[in-house]
Amino acid sequence: MNVPILDLKPAVDELRPALDAAYRRVMDSGRFLLGAELEAFEAEYALAVGAAHCVGVANGLEALQLVLMALGVGPGDEVIVPAHGYIATWLAVTHTGARPVPCECDERTYNLDPERISALLTPRTKVILPIHLYGQTADMEAINAVAARHGLFVLEDAAQSHGARCHGRSSGSLGQAAGISFYPSKNLGALGDAGAVTTRDAALADKIRHLRNYGSKVRYQNEYAGLNSRLDELQAAFLRAKLPHLVAWNTRRARLAARYLDQLRGIGDLVLPFVPAWADPVWHLFVVRTHQREALQQHLAAHGVGSQVHYPVPPHLSGAYRATGWKRGDFPLAERLATEVLSLPIGPHLSNEQIDYVCATIRSFFAR
C-alpha cells in the first residue's frame, strides 16, 4: 500500500466544481487584486474564527511581519519566540530589525512554555509570539496572563491551527492579533501562497491594510514604508470555496488521529501527541517521537509510507542565525526534539485502511 505524507489532489477533486466556479468568477470580473472576492473572504474568515477584522496578505510570514511593523517593532526591540518551530516565525521578527529571543517549549505539547517566559523578559521586550504548532494551540490563557502583567502584545502564529480551539475559543482570536498562512498544505490551503492577519483592533487592521499595499490606501499617496503583500482575488476565491468544508475536514483529521492514538499506544519508545483538557486540536500534523527516528523513517519508506521531520534544524542552529553566536547546547530541548520528532501521514482524504497500514508498519518495526 502507498500512503503519502501529503497528497493535495483529492481535495481539489472533491471541490472541483466549486473551484472552477471560483476561477470563472474572478476571470469574468476582470478584477484581480483588492476586489470583491478578497473583501468577502476577509469577512467570512473573520466570522469563522470569531475575530472582528481580517486582512488578507500574501503569505504567513508577511502576516506576522506586517503586525510587527504596524506596532512599530524594530531595531533594539525583542520578541519572545519558540525555540522549537519553523524558522518563518523568527524571520518575521528579524525582517523588522528586532531580535528574536528563543524560549524553550513545553515538552509534552511542543508549544511555547508559559512558565519560562518571565525569565527572558527585559525592558526591550515588546511582543510574545507563540506558535500553535502541529495544529494545537499554545496555552494562551497562561501566555496572555504573563503578557498582561508586563504590558506586552501577544501575536499568535496561527499558520498550522485553522479551527483549533483553546478553552472554547478559536485560534486566530486568542491574542491581540494573529498571523495566518494558507499555504497549500495547511488545513485551509490556497492553491498557491496566501495569508491573513486577524485582530480585534480596528486601528491595527486599518494600518495593516495600508502596509500590505506599499503603505498606501489612496493610490500614489504612501503614508508608510509598506510592502507589496496582497492576497490576490483568485486565491481569495479558492479559499472561499474551501472554507465551508474546514470543519468537516478537521473532523475527519480528528477521527484519523484517534485511530493512530488507539493503535500506537505503548509501542516501543514511541511518544504520542499529548492533548491538554482545554485544547481541541485540528491535527495539522500527527507527530510522534522516538530515539530511533531515522531507522523508523527508513522502514516506513521501504513499505511505501511517507513521513517528514518538522523540523530537523532548530532556528538558532540554522545558517540564517549563524552571526548571532547561538551554538549547540544553548536550547537543548529544541535540539533534542529536532532529532526525535517524526510526522506521520494525516489528512482528511486518507482512509482508515491507510492509517491501519501505517500503524501495522510501525508495529512491525518495533517488533524486530
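Beta carbons closer than 9 Å, at least 6 apart along the sequence or on distinct chains, pair a first residue in region 239-252 that is closer than 16 Å to S161 by Cα and modelled with pLDDT of 95 or more with a second that is of a type in the set (F, W, Y) and part of a helix (DSSP H, G or I) for L239/F41; L239/Y45; K242/W249; L243/F41; L243/Y45. State whether one or more residues within region 140-157 are of a type in the set (G, A, S), crowded, with 18+ Cβ neighbours inside 10 Å, out of contact with any helix residue (DSSP H, G or I) (no Cβ under 9 Å at 6 or more places or on another chain) and over 26 Å from G189 (Cβ atoms). Yes: region 140-157 contains one or more residues that are of a type in the set (G, A, S), crowded, with 18+ Cβ neighbours inside 10 Å, out of contact with any helix residue (DSSP H, G or I) (no Cβ under 9 Å at 6 or more places or on another chain) and over 26 Å from G189 (Cβ atoms). Of all the residues in region 95-110, those that are under 19 Å from L317 (Cα atoms), in contact with a strand residue (DSSP E or B) (Cβ under 9 Å, 6 or more places away or on another chain) and of a type outside the set (S, T, Y) number 8. What is the residue count in region 13-39 for residues that are of a type in the set (A, V, I, L, M) and surrounded by 15 or more Cβ atoms within 10 Å (Cβ to Cβ)? Count: 7. Screening L129, L112, L133 for residues that are within 27 Å of L342 (Cα to Cα), modelled with pLDDT of 95 or more and either touching a Phe, Trp or Tyr at 6+ places or on another chain (Cβ under 6 Å) or aromatic (F, W, Y) (or both) leaves exactly one candidate, L133.
Checked against (1) without any contact (Cβ under 8 Å) to a residue 40 or more places away in the chain; (2) touching a helix residue (DSSP H, G or I) at 6+ places or on another chain (Cβ under 7 Å); (3) more than 24 Å from S29 (Cβ to Cβ); (4) surrounded by 16 or more Cβ atoms within 10 Å (Cβ to Cβ), S216 passes all but condition (3). Taking the listed residues E340, E353, the one that is outside the structural domain of A88 (by TED's automatic domain parsing), of a type in the set (D, E, K, R) and touching a helix residue (DSSP H, G or I) at 6+ places or on another chain (Cβ under 6 Å) is E340, with no other qualifying. Among the residues of region 318-337, those that are out of contact with any helix residue (DSSP H, G or I) (no Cβ under 8 Å at 6 or more places or on another chain) and part of a helix (DSSP H, G or I) comprise G319, R322, A323, P332, L333, R336, L337. Residues in region 273-317 that are free of Cβ contacts under 8 Å to residues at least 40 places away in the same chain and not in a loop (DSSP other than H, G, I, E, B): E294, Q298, A301, A302, L317.
From the list F238, F274, pick out the single residue that is of a type in the set (F, W, Y), over 18 Å from Y357 (Cβ atoms) and buried (at least 18 other Cβ atoms within 10 Å of the Cβ).
Numbers: F274 fails: buried (at least 18 other Cβ atoms within 10 Å of the Cβ).
The match here is F238.
Of all residues in region 13-33, those satisfying the criterion of being touching a residue at least 60 places away in the same chain (Cβ under 8 Å), assigned to a helix (DSSP H, G or I) and of a type outside the set (G, A, S) are E14, L19, Y23, R25, V26. Within region 338-358, being in a loop (DSSP other than H, G, I, E, B) and surrounded by fewer than 14 Cβ atoms within 10 Å (Cβ to Cβ) holds for one residue alone: S351. Looking only at residues that are touching a Lys or Arg at 6+ places or on another chain (Cβ under 9 Å) and assigned to a helix (DSSP H, G or I) in region 212-238, which one is farthest from A164 (Cα to Cα)? My answer is E233. Considering the conditions (1) within 21 Å of the chain's Cα centre (by Cα); (2) not in a loop (DSSP other than H, G, I, E, B), H162 is excluded by exactly one of them, (2).
The values are calculated or read from the model by the stated rules, or taken from the named source; none is laboratory data. A quick note: this is a predicted structure, and the numbers were derived from the prediction, not measured. Cβ sites come from the backbone with ideal geometry, for glycine too, and all protein chains shown count toward neighbours.
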